[in-house]
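Here the structure is laid out as structure tokens; the discussion comes afterwards.
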Amino acid sequence: MKRNVATGVALAVTLTVAAVPLTAGTATAQDLRPASHADRHFYTTMTPYQPQQSPTGYQRAPKGFTPVFTENVIRHGARAMTDSSDIDAVLAVLRSAQAQGELTGLGARLGPQVQTLQAAAVSVGYGNLSGLGVREQQQLALRLERRLPSLFTTIAAEREPIEVETSGVARVVASANAFTSELATGDPALAGLIQAPVTDKNLLYFHKQPQNADYQAYLASDPELTAVLAEIDGESSTAESAEHIVSRLFDASFVKAMSSADQISFSTSLYNLYSAAPDLSVEAPDVDLDPFLPAQDAHWFAYLDDATSFYQKGPAFSGRTITYNMADVLLDDLFTQAEAKADGTSDAGAVLRFTHAEEIIPLAVLLDLPGSTEAADPNQPYTYQNNPWRGAQVTPMAANVQWDLYSGPAVSAKGGGSTSAQGTEYLVRMLYNEKQTAFKPSCKPIAKGSYFYDLNELRLCFNQG
């Protein structure tokens, strides 16, 4: 759920208005000028998924090496907003303005758009996986099979199980089902090998578990967190953007009657709907909230949203690890599963994990994934100018980390690698949002420029065992 920077502020203008239908008015051509989505990519962690690399661009494994195992951690796909609060807030203000005859032509067009989005969310169920989310997971599964055809041929021939783990939350279970159903459709021989999803909240919903009460306390009452978010929200640009947004939708007298806090609260809710709308594009293909949120204002409210995610889930403050240390359990499991396959104690051909942004973001910090790790000086708040962290890149919908395990004759220049008695070496390749990605700089690949790492080198590099 996105944070409203004016949470708790009542919208005085909405208190006596009945829920009358909202009808469209007439807007000017300039008001309705379509914006390029390429220029308005301000959806932060609600951004629909796109793979980050062409399937033809992957580095080949060293000669003699073949994939023997794959594992991943996948965020659920696109979803409906988690509840109706932002829709209710926006519609209440629009109805108040309509009742007073103080909607602009552009403002009169917003209500029907929001109502269409509301109907789409209700049809899916608040918080549930949307049609786009199903498609994202299906396409992830198909691309996985196409990247590793020999692995899945072996899995089918050797009858190796495909293990599936989820957080147990409905949209995550639905994501797992969409993924695995498509996996079986792509290769029917896999159908009987895909195990029923197992719920593991300690692994895939750890941010809500009792052992992380210190993290929950940090979110609820940490003074440093509270202060920095208040400082960021209190920037003059917040009030200026909010006033600009409402001045385009409502007549001047109505805008004047709104307090600055009212304007900010309304604008934050409108931004939350703007960023959620693309995830409901299958159910509501004609909804376009771009005209109602100018690019510069969407950009500012995206920054506010990213700042919240950065401090609540990401690298946060320099010298503090409260937001990401708890992801150790997930990093440990990635190693445990790869090592079990390498040492012969597991016969699984794949381990598929489905989870949330709250797990992907801290895992990205621990893995030192690009753009995910730079913490902020406590005396210099996070901004887009001083930090590369962006929710849209770190954890869009269906964000994923994948490790592929390869076996072959020992080639590593480092003695004592992860080899069997027969001289077999195990290499790991990592993909982040389907882009081949280097491990952190202290980890040495098998050759300069290679994306393949000796498993034992990674164990030492990450202090595993």
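Below is a table of values for the structure above.
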quantity: Residue that is farthest from residue 248 (Cα to Cα), among those in region 294-319 that are open to solvent by 10 Å² or more (accessible area, probe 1.4 Å) and either free of Cβ contacts under 8 Å to residues at least 40 places away in the same chain or hydrophobic (A, V, I, L, M, F, W, C) (or both); calculated: 300
quantity: Some residue of region 136-154 being closer than 14 Å to residue 350 by Cβ, outside any helix (DSSP H, G or I), modelled with pLDDT under 95 and not basic (Lys, Arg); calculated: no
quantity: Helices (runs of 4 or more DSSP H) wholly inside region 326-410 that include at least 1 residues being more than 22 Å from the chain's Cα centre (by Cα) and within 19 Å of residue 165 (Cβ to Cβ); calculated: 328-342
quantity: Answer residue from region 93-103, given it is part of a helix (DSSP H, G or I) and open to solvent by 10 Å² or more (accessible area, probe 1.4 Å) and is farthest from residue 351 (Cα to Cα) among those; calculated: 99
quantity: Only listed residue being under 22 Å from the mean Cα position of the chain (by Cα), assigned to a helix (DSSP H, G or I) and crowded, with 20+ Cβ neighbours inside 10 Å, chosen from 241, 175; calculated: 175
quantity: Hits in region 253-308 - residues which are of a type in the set (Phe, Trp, Tyr) and either outside any helix (DSSP H, G or I) or out of contact with any Asp or Glu (no Cβ under 6 Å at 6 or more places or on another chain) (or both); calculated: 266, 271, 274, 292, 300, 301, 303
quantity: Residues of region 325-347 that turn out to be at negative phi, surrounded by fewer than 17 Cβ atoms within 10 Å (Cβ to Cβ) and small (Gly, Ala, Ser), as a count; calculated: 1
quantity: Filtered residues of region 439-465 (kept if farther than 17 Å from residue 406 by Cβ and among the polar types (S, T, N, Q)); calculated: 442, 463, 464
quantity: Residues that are of a type in the set (Asp, Glu) and either surrounded by 16 or more Cβ atoms within 10 Å (Cβ to Cβ) or under 14 Å from residue 305 (Cα atoms) (or both), drawn from region 368-398; calculated: 368
quantity: Residue list for region 183-214, filter: part of a helix (DSSP H, G or I), over 28 Å from residue 308 (Cβ atoms) and open to solvent by 40 Å² or more (accessible area, probe 1.4 Å); calculated: 185, 186, 188, 189, 191, 192
quantity: Index of the failed condition, residue 217 passing every other in (1) in contact (Cβ under 8 Å) with a residue 40 or more places away in the chain; (2) among the small types (Gly, Ala, Ser); (3) surrounded by fewer than 16 Cβ atoms within 10 Å (Cβ to Cβ); calculated: (1)
quantity: Only listed residue being touching a Gly at 6+ places or on another chain (Cβ under 7 Å) and modelled with pLDDT under 95, chosen from 388, 409; calculated: 409
quantity: Subset of region 241-252 (residues that are of a type outside the set (Val, Ile, Thr) and either under 30 Å from residue 136 (Cβ atoms) or touching an Asp or Glu at 6+ places or on another chain (Cβ under 9 Å) (or both)); calculated: 241, 242, 244, 248, 250, 251, 252
quantity: Yes/no for residue 166 being modelled with pLDDT of 95 or more, β-branched (Val, Ile, Thr), open to solvent by 20 Å² or more (accessible area, probe 1.4 Å) and closer than 21 Å to residue 338 by Cα; calculated: no
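Residues are listed down the side, and each one gets a yes or a no for (1) touching an Asp or Glu at 6+ places or on another chain (Cβ under 9 Å); (2) surrounded by 19 or more Cβ atoms within 10 Å (Cβ to Cβ); (3) charged (D, E, K, R):
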| residue | (1), (2), (3) |
| --- | --- |
| 60 | no, no, yes |
| 79 | yes, yes, yes |
| 84 | no, no, no |
| 87 | no, yes, no |
| 91 | no, yes, no |
| 105 | yes, no, no |
| 110 | no, yes, no |
| 116 | yes, no, no |
| 127 | yes, no, no |
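A quick yes/no check of all residues on (1) on the phi > 0 side of the Ramachandran plot; (2) out of contact with any strand residue (DSSP E or B) (no Cβ under 8 Å at 6 or more places or on another chain):
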{"position": "168", "(1), (2)": "yes, no"}
{"position": "199", "(1), (2)": "no, no"}
{"position": "204", "(1), (2)": "no, no"}
{"position": "215", "(1), (2)": "no, yes"}
{"position": "218", "(1), (2)": "no, yes"}
{"position": "223", "(1), (2)": "no, yes"}
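The values are calculated or read from the model by the stated rules, or taken from the named source; none is laboratory data. The structure presented is a predicted model; accordingly, all values stated were derived computationally and were not measured. Reconstructed Cβ throughout: ideal geometry from the backbone, glycine too, with neighbour counts over all protein chains shown. We work out accessible area using only protein heavy atoms, side chains counted, and drop any ligands, DNA or RNA first. Shrake-Rupley method; radii C 1.70, N 1.55, O 1.52, S 1.80 Å.
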